[in-house]
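The values are calculated or read from the model by the stated rules, or taken from the named source; none is laboratory data. Just so it is clear, the structure is predicted and the values come from calculations on it, not from any experiment. Glycine also receives a Cβ, built like all others from the backbone with ideal geometry; neighbour counts cover every protein chain displayed.
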Amino acid sequence: MSVFRSFRCPLVSIAAPLLGGLLCACGAAGGSDDDESGGLSAYSGAQPNLPAPNPLGAAGAAGSGSNTPPAPSGSGSAVNEGAQNGQLPVAGNNSSNSGSGSNGGSSPNAGAGGTASTGNPTAPSGAAGAGMSPPQTPPDPPPQTTPSTPVPPTLPTPPGEAFFFDDFEGGAAGTQPAAWERWINYTTVAGNALGNPQFALLDTAEAFRGNQSVHFHTEGATQPAMLTMRLPTGMNRIHIRAFVMSRIAVGGVAADSVSNHESLIGLRATSNDGNDEIRFGGAKGALGFNMVGPGRNDAVAPLQNLWGSAPGMAAGSWHCVEIAFINDGTARATATLDGTVVRDVTSPAGWHIPVSQTWLNGLYNEVFLGWQSFSPQPANDVWMDDVVLSAQPIGCN
Ligand SMILES: [Ca+2]
């Protein structure tokens, strides 16, 4: 699988020398399939994502006739674990090759014919070849192959007028938070596991409150590690509150000729499509917004005179972040950091290039959290905790 996808434009444009080559903000080239799973049922936490089948795990059914216990054949289970499930058992590897099946019947796996080779220890066929090996310790029961349905953890009651709250305490560390869909490596079905180049998993190493948070990890430019959730239909205003800690500083970072933007929290028009969305995070070295899609024009806020300015999210520290996207007559995007408004875009004039008057229209389909960097320092680890969604202001409690 290719790590890098195509982009609508290069990371940095030099098409506008007066702006120091900083004008290009890239839209993601996302997958095109619309994942219809989940939907509003996410609010009940009833749609955990089952791991994708392991395509490498289909092998392993061969090798009958050996007295050895059957390999955990083709389990294909769990997350993508590489080739370990794909090893072919050695068919008929009994060294005698007699195939006599003398022990046949004594073992559930024995005595299956023994028609194979006649003394050639290297004969690749060697089918069956059963019976001549000494009895072996009875095997452990084969792994359970019937998928079990995880029981979704109960989410805490949302505070105040909020309609959703996840403290990330439910579920085991190393698993995906059950209430959320994922958008990893531009798809909703990519593996989401520790050790992958991108993941979004429950983690006990860091927590703002309680014992767990959700940990987003990315290693490559533009690659998203995100959790997503469908929103109720008909919304035109939302507040998204999260406690956020980033391994690298976000905002308050000197903008240079290669600074671009990084996404932490946003809204998306279409599930599984990063080409039509608004993003809060780093914006040309400042805290701010970037948006892509019709009428959104890959614009950045703040204006250029504030690129690279403070305040920012200090590296390795928890911050209370609340983002409001209000579209009840006038489009407005507001970012609050630790209780202080740090960005407030109230008109098209707040964007660095012309945009539509209705620049928030159509985006209230899905909320996303995570990390995706369109800048040259893409690798990062971000933790989020106590995520609240509400149509009203939430605050940092
Ligand atoms: Ca927590």
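Observations on the model:
- Of all residue pairs spaced 6 or more apart or on separate chains, those with beta-carbon atoms under 9 Å, a first member in the range 216-227 that is closer than 16 Å to V244 by Cα and a second member that is among the hydroxyl-bearing types (S, T, Y) and crowded, with 22+ Cβ neighbours inside 10 Å are T218/S373; A225/T218; M226/S263.
- Tallying residues that are on the phi > 0 side of the Ramachandran plot and touching a helix residue (DSSP H, G or I) at 6+ places or on another chain (Cβ under 6 Å) within the range 214-267 yields 0.
- The residue pairs whose first member lies in the range 164-193 and is on the phi > 0 side of the Ramachandran plot, whose second member is among the β-branched types (V, I, T) and buried (at least 19 other Cβ atoms within 10 Å of the Cβ), and whose beta carbons are closer than 8 Å, counting only pairs six or more residues apart or on different chains, are F168/V214; F168/V387.
- Any hit, the range 245-263, residues being among the β-branched types (V, I, T), modelled with pLDDT of 95 or more, farther than 24 Å from I184 by Cβ and buried (at least 21 other Cβ atoms within 10 Å of the Cβ): no
- Considering residues of the range 243-254 that are in contact with an Asp or Glu (Cβ under 7 Å, 6 or more places away or on another chain) and part of a strand (DSSP E or B) only, the residue farthest from V387 (Cα to Cα): V250
- The strands (runs of 3 or more DSSP E) found entirely in the range 162-241 that carry 1 or more residues being more than 16 Å from the ligand (Cβ to nearest atom), in contact with a Phe, Trp or Tyr (Cβ under 6 Å, 6 or more places away or on another chain) and in the same structural domain as A335 (by TED's automatic domain parsing) are 213-218, 225-230.
- Any hit, the range 256-270, residues being part of a loop (DSSP other than H, G, I, E, B), farther than 22 Å from G350 by Cβ, within 17 Å of the chain's Cα centre (by Cα) and not aromatic (F, W, Y): yes
- Qualifying residue in the range 317-333 (condition: without any contact (Cβ under 8 Å) to a residue 60 or more places away in the chain and closer than 15 Å to I265 by Cα): yes
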